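Undergrad: Got a structure here, written out as structure tokens. Questions coming.
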Amino acid sequence: MDERRFFIVDVFAEQRFSGNQLAVFLNGHLYSDAEMQHLAHEMNFSESTFVLPHESRDGAHRVRIFTPTGELPFAGHPTLGTAYIIATELADTPPATVTLDLKAGRIPVALEHDAAGAISRLTMRQLPPTFSPPLDPARVAAVLDLPVTALDSRYPVQEVSTGMQFLIVPLRTLADVRAIRSAGLAAAMLEQGLADHAVLVFCPETYDPAHQLNTRVFVPHMGIPEDPATGSANGCLTGYLVQHSYFGAHPFTIQVEQGYEVQRPSLLYLSGAHEGDTITIQVGGKVQLIAEGRLR
């Protein structure tokens, strides 16, 4: 077996060549930190991951996540995509759960299998959300180059974290979501003092009537002008939806579309609920294997 194998998968993808691309490198102990960063930059996907079997303990697989410009403590589609590769390439028998040991903490991923035994969907339970004080809607509207009336005033503009922080922005219509231009967003965020923020905008209008929400995600400070599918951001959104009773009674399970503006249609399955004083968040989707390779 070639120790420097890697895989390319599409995550939150109902079919091949959609969703969010991910490179998964096995035997991450063979690479220095600098080499991991170079490889993530070379792949130029939103993220690449490195599985570290020599550092894995107690049934959890140690994994590091890199964007083209830096390392992350947690990210959603890398969690699901890496769990898929661990289950299909490293497990002797198809597991029911794969646990990833990330910098943000341990994240369990549940695997569903079809009648033939193939993995049909993966679902992760994210860490409980934390909420920052609301921001001025006019300030955020200026960043997005939208009129303040485009924001849904019934709900706050608020940063939420389940391991990585995202500024959640409720918009009224799909036209408002589509009007945002990622090209000028980094400069506008710098001007408004929000240069180190990641942003998720959402609205209840969708391209596909079977879906409940449409989202877009922008992370320009990490070299990601627009992300096709973002499990971490949609986990934060799930916590936000529960916290502010967006869908009324809990629990809820919804389908959220993302990536249409960058020609990478993606579908995320979100579930949220209150369990006592804790908000529980589950984010799921499908993974498609695209390629296998090796480094020279």
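The values are calculated or read from the model by the stated rules, or taken from the named source; none is laboratory data. In this text the structure is predicted, and so the values were computed from the model without any measurement. Backbone-built Cβ (ideal geometry, glycine too); neighbour counts: all protein chains shown. All accessible areas refer to the heavy atoms of the entire protein, side chains included, with ligands and DNA or RNA removed. Shrake-Rupley method; radii C 1.70, N 1.55, O 1.52, S 1.80 Å.
Undergrad: With a 10 Å radius around each residue's Cβ, average the other Cβ atoms per peptide and rank 29-35, 241-247, highest first. All intermediate terms of the calculation are to be shown ahead of the outcome.
TA: On the way: 29-35: 12.6, 241-247: 18.4.
Ranked from most to least packed, the peptides come out as 241-247, 29-35.
Undergrad: Let me know the charge dipole size of the chain about its Cα centre in debye, to the nearest 20, where only the beta-carbon of Lys, Arg (+1) and Asp, Glu (-1) is charged.
TA: Values: 20 positive and 32 negative charges, 16 e Å.
The dipole of the chain has a size of about 80 debye.
Undergrad: Going 7 Å from the Cα of GLU275 along its beta-carbon direction, which residues of the range 215-247 have the amide nitrogen within less than 11 Å of the resulting point?
TA: none
Undergrad: Does the range 145-296 come out rounded, prolate or oblate, given a ≥ b ≥ c as the square roots of the eigenvalues of its C-alpha gyration tensor, rounded meaning a/c under 1.5 and, failing that, prolate meaning a/b above b/c? Provide the component values of the computation, followed by the final result.
TA: On the way: a/c = 1.42, a/b = 1.06, b/c = 1.34.
Cα axes put the range 145-296 in the rounded bin.
Undergrad: Follow-up question, since we're still on this one. If I take every Cα pair under 8 Å that is 6 or more residues apart in the chain, average their sequence separation and divide by the length, what percent do I get for the relative contact order?
TA: Values: 725 pairs, mean separation 62.8, N = 296.
Reported as a whole number, the value is 21 percent.
Undergrad: GNM, the chain, Cα, under 10 Å: largest mean-square fluctuation among ALA138, ALA198, ALA91?
TA: With Cα springs under 10 Å in the chain, the top fluctuation among ALA138, ALA198, ALA91 is at ALA91.
Undergrad: When the chain is treated as a GNM, springs tying every alpha-carbon pair under 10 Å, which of GLY19, GLY248, GLY239 comes out with the largest mean-square fluctuation?
TA: Most flexible of the set in this elastic network: GLY248.
Undergrad: Of the labelled options (1) 56; (2) 63; (3) 52, which one gives percent of Cα pairs over 23 Å apart as computed for this structure?
TA: After the calculation, the listed value that fits is (3).
Undergrad: A follow-up question, please. State, to one decimal in nm, how far the label point of LEU30 lies from the label point of ALA96, with both points 7 Å from Cα in the Cβ direction.
TA: Here the modelled spin labels are 3.4 nm apart.
Undergrad: Using DSSP, restrict attention to beta bridges with both residues in the range 24-137 and report what percent are antiparallel, rounded to the nearest 5. Provide the component values of the computation, followed by the final result.
TA: Working: 18 of 23 bridges.
Rounded to the nearest five, the antiparallel share is 80 percent.
Undergrad: Same structure, new question: For the range 94-157, report the accessible area per residue in Å² (1.4 Å probe, heavy atoms, rounded to an integer). Don't skip to the end; give the middle numbers.
TA: On the way: 3260 Å² over 64 residues.
Spelled out: the 1.4 Å probe surface of the range 94-157, per residue, equals 51 Å².
Undergrad: In addition: Peptides 228-235, 210-217: what's the order by average Cβ count within 10 Å, highest mean first? Before the final figure, lay out the partial values.
TA: Numbers: 228-235: 31.0, 210-217: 20.9.
Top of the packing list down: 228-235, 210-217.
Undergrad: Moving to a separate point now. Mind pulling the angle between the C-alpha long axis of helix 33-43 and the longest principal axis of the chain? Nearest 10 degrees, somewhere in 0 to 90.
TA: 70 degrees
Undergrad: To continue, here is another question. Tell me the mean residue ellipticity at 222 nm calculated for the chain from its helices only (DSSP H runs of n ≥ 4, each -39500 (n - 2.57), averaged over every residue, nearest 500).
TA: Numbers: 6 runs with 55 residues, N = 296.
Calculated at 222 nm, the ellipticity per residue is -5500 deg cm²/dmol.
Undergrad: Let me ask something else. Rounded to the nearest 10 degrees, what's the angle between the helix 231-243 long axis and the longest principal axis of the chain, both from Cα atoms, 0 to 90?
TA: For 231-243 against the chain, the angle is about 40 degrees.
Undergrad: Order the following by accessible area, largest value first: ARG139, ARG16, ARG154. Probe radius 1.4 Å; ligands, DNA and RNA are ignored. Don't skip to the answer; put the middle values down first.
TA: Working: ARG139 80, ARG16 110, ARG154 170 Å².
Heavy-atom accessible area, descending, gives ARG154, ARG16, ARG139.
Undergrad: Taking all protein chains as present, what is the carbon and sulfur share of the accessible area of the chain, in % to the nearest whole number, probe 1.4 Å? Kindly include the intermediate steps, with their values, before the conclusion.
TA: Values: 6120 of 12380 Å².
The value for the chain is 49 percent carbon and sulfur by accessible area.
Undergrad: Which angle from 0 to 90°, rounded to the nearest 10, does the C-alpha axis of helix 76-85 make with the longest principal axis of the chain?
TA: The helix 76-85 is inclined about 20 degrees to the chain.
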